[in-house]
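See below for the structure under consideration.
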Amino acid sequence: MKKLKEINVNSILFLDIETVPNWRTMAEAPEYVQKEWIYKFKFRSDAPKPPHREHLDNPNAKAIQNKYNNYFAELWELKAGLYAEFSKIVCISMGYIDGNKARIKTYSQEHEAQLLSEFKNDLSHFCGSEKSAHLCAHYGEGFDYPFINKRLLIHGLNIPSILDTWGFKPWETFLLDTQKIWKFGNYSADSGTLSSIAMAFGIPSPKDDIEGADVARVYYEEKNGLARIAKYCEKDVFTLMQIVKRIRGEELLDQTNN
């Protein structure tokens with residue numbers, strides 16, 4: 001991993017985000033939001049067809065309508081948190097390696113705009129003080145980086161220079177993605193998850209409490225859910241650091257620091 005080793009590991013900011021739907025269920029969302037959600041997925045091959053208006057008197061019309069509504073409601077439960085137009089960031093953990101220790105800071109609160117503003121300011125400060133600063137996330141190019149950018153713009157906040165990569169060639173950016181690194185150029189290969197790569201390296205799993213699929217439920221249903229999510233997010237960042245250390249052929253960080 002010559003290219004990765006050429007980067008000063010102390011100049012890498014590791015991050016992970018946790019997101020939840022803006023409304024717990026599709027039924028709680030405004031009608032115009034429901035309409036856009038249905039439109040987004042109604043052309044899927046497995047999506048049911050709504051009952052035709054001329055068949056509303058048909059005894060089966062109600063069952064057909066219920067099946068139609070339930071399909072998109074269940075899809076909301078599974079996927080709404082993955083789309084920046086329908087969800088929000090409730091937690092960002094970001095950290096760097098200092099000697100054999102991990103220094104991690106977490107931004108976690110109800111007000112997303114404030115969360116993003118604080119994160120953006122610290123990110124810009126780090127990039128301004130650290131030469132050749134890089135960001136690193138697992139599946140960052142496919143999720144974390146674009147999601148952060150979209151939510152920043154939705155709140156009228158500027159995108160930090162390190163994340164403002166539209167129109168740049170991949171080698172002109174300072175964004176690292178361990179999922180992409182793990183593919184080793186084979187884009188047809190199955191990509192490893194953060195926890196499966198950790199398992200292969202003998203690194204403890206960050207999923208010992210909750211997983212990504214549990215975040216929305218924990219956030220909306222548990223009194224101290226946000227604190228639990230923050231801890232989970234920090235574990236992901238620490239595991240990400242450990243994976244990068246192993247890929248670089250270096251000793252693992254002190255586990256007692258996490």
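Quick notes on this structure:
- Charge tally around F238: other residues with Cβ under 14 Å, Lys/Arg +1 each, Asp/Glu -1 each, net +1.
- Note on exposure: E18, E222 ranked by accessible area (1.4 Å probe, complete protein assembly) read E222, E18, with the most exposed listed first.
- Charge-dipole axis of the chain as Lys and Arg at +1 and Asp and Glu at -1 on Cβ define it, positive-most pick from A102, A63, A230: A63
- Evaluated at q = 0.26, 0.28 Å⁻¹, a Debye calculation over the C-alpha positions of segment 161-219 (equal weights, vacuum) places log10 I(q)/I(0) at -1.02, -1.07.
- Calculated log₁₀ intensity ratio I(q)/I(0) where the Debye formula runs over C-alpha points of segment 22-112, q = 0.12 Å⁻¹: -0.54
- Taking the Kirkwood radius as Rh and the Cα radius of gyration as Rg, segment 99-166 has a ratio of Rg/Rh equal to 0.96.
- Cα centroid of segment 183-258 to Cα centroid of segment 82-101, whole Å: 12 Å
- Database remark: amide H of N22 closer than 5 angstrom to the amide H of S87, K88 (H placed geometrically; neighbours at sequence offset of 5 or more, or on other chains; Pro and chain starts carry no H).
- The chain: translational diffusion in µm²/s, Stokes-Einstein, Kirkwood Rh over Cα pairs, 20 °C, 1.002 mPa s: 107 µm²/s
- At the residue level, S87 shows approximately 0 square angstrom of accessible surface with a 1.4 angstrom probe and all protein chains present.
- Above-threshold pairs, the threshold being 30 Å between Cα atoms, out of K120/K223; K42/K105; K105/K245; K105/K207; K150/K207; K169/K207: K42/K105; K169/K207
- Antiparallel bridges, percent of DSSP beta bridges restricted to the chain (to nearest 5): 75 percent
- Using a Förster distance of 30 Å, the FRET efficiency for M1-H111 (Cβ separation, nearest 0.05): 0.15
- 10 Å Cβ shell holding at most 16 others, DSSP loop, trypsin sites (Lys or Arg not before Pro): longest site-free stretch of the chain: 132-222
- Surface accessible to a 1.4 Å probe, T165 within the full protein complex, Å²: 40 Å²
- Over segment 69-222, all Cα pairs binned in 5 Å intervals from 0 give whole-percent P(r) values of 1, 7, 13, 19, 21, 18, 13, 5, 1, 0, 0, listed from short to long.
- Here segment 94-152 has 46 percent of its accessible surface on carbon and sulfur atoms, given a 1.4 Å probe and all protein chains in place.
- Listed by chain and number, the aspartates and glutamates whose C-alpha is less than 15 Å from the C-alpha of K67, apart from same-chain residues fewer than 8 away, are D46.
The values are calculated or read from the model by the stated rules, or taken from the named source; none is laboratory data. These figures come from a predicted structure and were not determined experimentally. Counting neighbours? That spans all protein chains shown, and the Cβs are built from the backbone with ideal geometry, glycine included. Surface areas here come from the heavy atoms of the whole protein model, side chains and all, with no ligands, DNA or RNA. Shrake-Rupley method; radii C 1.70, N 1.55, O 1.52, S 1.80 Å.
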